[in-house]
1. Enumerate the aspartates and glutamates that K125 could reach by cross-link, defined here as Cα to Cα under 12 Å, with residues fewer than 8 away along the same chain left out.
2. Along the Cα→Cβ direction, 7 angstrom out, place labels at D280 and H215. What is the inter-label distance in nm?
3. Once the dipole of the chain is set up with Lys and Arg at +1 and Asp and Glu at -1 on Cβ about the Cα centre, which of A353, A371, Y220 lies farthest towards its positive end?
4. Using a Debye calculation, one point per C-alpha and no hydration shell, please list log10 I(q)/I(0) for region 179-221 at q = 0.24 Å⁻¹ in order.
5. List the equivalent ellipsoid semi-axes of region 328-397 in whole Å, largest first, each obtained as the square root of 5λ for an eigenvalue λ of the Cα gyration tensor.
6. Hey, if you drop one equal point scatterer on each alpha-carbon of region 218-285 and run the Debye formula without solvent, what base-10 log of I(q)/I(0) do you get at q = 0.19 Å⁻¹?
7. Answer with one residue from A293, N164, L206: the one whose Cα lies farthest towards the positive end of the charge dipole of region 144-301, charges on Cβ with Lys, Arg +1 and Asp, Glu -1.
8. Just to be sure I understand: if I project the alpha-carbon convex hull of the chain onto a plane and average over all orientations, what area do I get in nm²?
Amino acid sequence: MITRLILLLLCATCSNLTAQEHLQSYTKKDGLTSSEITVTLVDSRGVVWLGTSNGLTAFSASKWYAIKNIEDKESGKPKALGRVEVLFEDSKRNLWVGSANGLFLFDGKSWTAFEKEDDNNFLPKEFMEDRQGRIWIIYEYILDVNASVQMTFSLTNGMLHMFNGECWISFNDILGGTAPVVQGYPSDYFTGMLQDEQGNIWLGSLEGAFEFDGHSWHIYNENDLKSEKVMFVKQDRQGNIWLGLDNGLARREMNDWKLIRKKDGMCGNTVYRMQQDNQDRIWVFVRNNLKFAGLNLLLDEKWKSFTKDDYQLKDEVESLTMYHNEVIAFSRHGLSVFRNNAWHRYTRKDGLADKHYTVILKDGYENVWLAGETAFYQLVGDKWEARLKAENKWGVKLIFTEQGCIWLGTEKHGVYLYSENKWKHFTAESGLADDRISAIFKDKKGVVWIVSKTGITRVLK
């Protein structure tokens, strides 16, 4: 356990749980359908929904409602929800539930259960509502194949359905498919879904990209992209459609694709992530033979490559954080900032004292926070200031900010809260359901909820 906290802010002291916060924790014995919470959603009515390994639990009007089975309004027969994988609320305030037992819809009064496909392995994984009110649902599953005693491989399978408000439409014969699971590539068949500014629906997959103009599908595969696998589909703020490929990058230009590859300045061959900074510059993350190769920047229609020799980080850059006109590259072993078209690595002179880092977050007020293995930092100007130090490694997994409060969820040391110039440490001994934290969120009334390994905790003031 962490035995001592040192607060470096002036006029601040370490504090344990006070009467200011009251923790109410709930597990299966308190009415949850299961202590294992898989997904959460706060709907537009303010109901807190918990998807669990055995159905749903809803919190409304200070009461819990456990839902393991629903009565289908069409057949009148009971149907078990099973393990809930995804929750989604549409613009009509309907709740969609994707579970191991199929797809369910709650309209606020009654439930509808939709029949599963012939192959019961498919699970609903992603929902999207377009501007026409149509609901698009991606289904996925991974099949493990034992070809022989010595060899086992996996296949990822995907299919797409659309609900137009009256009936279901399946597109499996057009864009559903199967692809082998390859280490370093996406494990899902579909790799992205969006609606562009013109209203067209785009999907990326391991067998090409697909565009739906409202009437028909346009398929872009190896003939168009010179590449089979699409790693992502993105639209930038200027409306351009980009595809990350296992052999470069593609940008839509009129009715054609502009292809950018290693020979055009990329420092690797597989483009697997893209971000746009505050100056609308395009950054892409590149691998070479499944190993991180570096970053590429589109500047004045020219590509510039940066490798570890430039940003001076030993391991993979996991994300970029935009801070005013600067770009911060985050890795587990350090951070560098791109300032005035050059990289500068943050060191002890800049305030960073840890060797390993776990989470970086920019909040809604443009504050940048960073969790290290033994300290928590805030970026102030061009320096990092330690706001909290721990004597031992604490394993911060997530940072959640709200109304001047900062919450730190850890792997097995509970939660830390910064509020009113004080740090407080909450553990199972002080009322948490468990010390292993997986999520923190806020409901419509401003109440903070803490999801942990074996239950959920409501924080009342």
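1. By straight Cα distance, K125 reaches E85, E140, D188.
2. 3.2
3. Value computed over the given set: A353.
4. The Debye formula, applied to the Cα set alone, gives -0.80.
5. The equivalent ellipsoid of region 328-397 has semi-axes of 19, 13, 11 Å.
6. Here the Debye-derived log intensity ratios amount to -0.71.
7. Highest projection toward the positive end goes to A293.
8. In nm², the orientation-averaged hull projection of the chain is 25.4.
Quick note: the coordinates plus some simple rules give every number you see, no bench work behind them. Bear in mind the structure is a predicted one, so any value in this text is a computation, not a measurement. For neighbour counting, all protein chains shown are included, and Cβ atoms are generated from backbone atoms with ideal geometry for every residue, glycine included.
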